[in-house]
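One structure below.
Taken together, the values in this text are just the output of simple stated rules run on the coordinates, not laboratory data. Keep in mind that this is a model prediction, so the values were computed, not measured. Positions of Cβ are backbone-derived with ideal geometry, glycine not excepted, and every protein chain shown enters the neighbour counts.
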Amino acid sequence: MTTQENTSIKQVNCPTCQKIVPWTQAHTFRPFCSKKCQLIDFGEWANERNRIPAEDGPEDFRLDDLDINSQGNVEGL
Ligand SMILES: [Zn+2]
């Protein structure tokens, strides 16, 4: 008879901070209450997965960059 969607809005708990989040299209980050909580949860998940492979690789490039930068500074002085 009447639409159920309007009367009962489903609610979930934010996995990060346990805040109650209404399950509506307005909440883009559901089941998280905010983008911040989504990033926190995703960050922890990604950290655990990437811990080992991230150890070596791009760090070499970063060290090179720093070296060039500090040399430029010394020459400037
Ligand atoms: Zn939250």
Item checked: Peptides 32-40, 16-24 ordered by average Cβ neighbours within 10 Å, highest first -> 32-40, 16-24
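I want the local charge near PHE32. Using Cβ-Cβ distances under 12 Å, sum +1 for each Lys or Arg and -1 for each Asp or Glu among the other residues.
Values: positive: LYS19, ARG30, LYS35, LYS36; negative: ASP41.
Taking every other residue near PHE32 into account, the sum is +3.
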